[in-house]
Amino acid sequence: MLPSNITSTHPATFLLVGIPGLEHLHVWISIPFCYAYTLALLGNCTLLFIIWADAALHEPMYLFLAMLATIDLVLASTTLPKMLAIFWFRDREISFFACLVQMFFLHSFSIMESAVLLAMAFDRYVAICKPLRYTTVLTRSLITKIGMAVVVRAVTLMTPLPFLLRHFHYCRGPVIAHCYCEHMAVMRLACGDTSFNNIYGIAVAMFIVVLDLLFVILSYVFILQAVLQLASQQARYKAFGTCVSHIGAILSTYTPVVISSVMHRVACRAAPHVHILFAIFYLLFPPMINPIIYGVKTK
């Protein structure tokens, strides 16, 4: 940690480059991004309105779906408006504290999304493996506690990062080679010993992805066992059919994460814009596709 007399030497503003190497194509690249963002807004707002308006949908599965839709809205809205401003108006400036806020919301709500998918897996496990206890286990009180735990876990894990970043001296300039503020992009501009931040960021990411995904897989192992024990094939299809939308949401969320992780290791020498495009895809794809997945499955 640097001495306190230089803790305030951060720049007043950062400059977001956008997509390095593809600046001349920003306007064209913005078209599919704007389309995806519009779909995400319309789809998730529609889901929230339908769930709110129809009392029959005030059930655990749909309440978790409402949480997921809210998180997707915040995730997309945290980055896309500023990104489109960069592409359309070359508005690249972002204040230091606005950058930290964007980073905090981005990473916090990504953690929340993973937790809600885990909660939805628990919901499917209880519905299929313990159907007679479904209403007594998944009460409104438990759902509220799960929602609070989702928020508290994410906020607790992410709160240290902005405070740690404030105490660095940014001697490598104010230019962030990215479309938005994310932890590693900001860390690359800092001087001094950043090893703790790097280790903490990687540890949190691995802890969240591995732990949540492990429990999701474990839930589906029990679900699969319960489904295979059903007498008729029609009953098996019907039981497992209730999980199709959730499996689709899991794939839409974790597949881009895996692809991006593999790209960073297999194609580490690829042009920066390749990794940035994958990062944007990871942010935009789940909010855009999740309402479609659940909308097709649920009338």
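The values are calculated or read from the model by the stated rules, or taken from the named source; none is laboratory data. If you're wondering where the values come from, they're calculated on a predicted model, not measured in any experiment. Methodologically, a virtual Cβ is constructed for each residue, glycine included, from the backbone with ideal geometry; neighbour enumeration extends over all protein chains shown. Note: areas computed on protein heavy atoms with side chains; ligands, DNA, RNA excluded. Shrake-Rupley method; radii C 1.70, N 1.55, O 1.52, S 1.80 Å.
Things worth noting here:
- Neighbours by Cβ (under 7 Å, 6+ apart or cross-chain): first from segment 71-84, touching a residue at least 12 places away in the same chain (Cβ under 8 Å) and open to solvent by 10 Å² or more (accessible area, probe 1.4 Å); second hydrophobic (A, V, I, L, M, F, W, C) and not in a helix (DSSP H, G or I): Lys82/Ile94
- Within the set Pro174, Pro162, the sole residue that is of a type outside the set (A, V, I, L, M) and touching a strand residue (DSSP E or B) at 6+ places or on another chain (Cβ under 6 Å) turns out to be Pro174.
- Subset of segment 219-233 [among the small types (Gly, Ala, Ser), touching a residue at least 12 places away in the same chain (Cβ under 8 Å) and either farther than 17 Å from Leu251 by Cβ or open to solvent by 100 Å² or more (accessible area, probe 1.4 Å) (or both)]: Ala226
- Those residues of segment 10-41 which are open to solvent by 50 Å² or more (accessible area, probe 1.4 Å), in contact (Cβ under 8 Å) with a residue 24 or more places away in the chain and in a helix (DSSP H, G or I), in sequence order: Val27, Leu39, Leu41
- Note on segment 65-87: residues that are in contact with a strand residue (DSSP E or B) (Cβ under 7 Å, 6 or more places away or on another chain) and among the hydrophobic types (A, V, I, L, M, F, W, C) total 1.
- Residues (touching a residue at least 60 places away in the same chain (Cβ under 8 Å), open to solvent by 80 Å² or more (accessible area, probe 1.4 Å) and within 24 Å of Cys129 (Cα to Cα)) located in segment 188-218: Phe215
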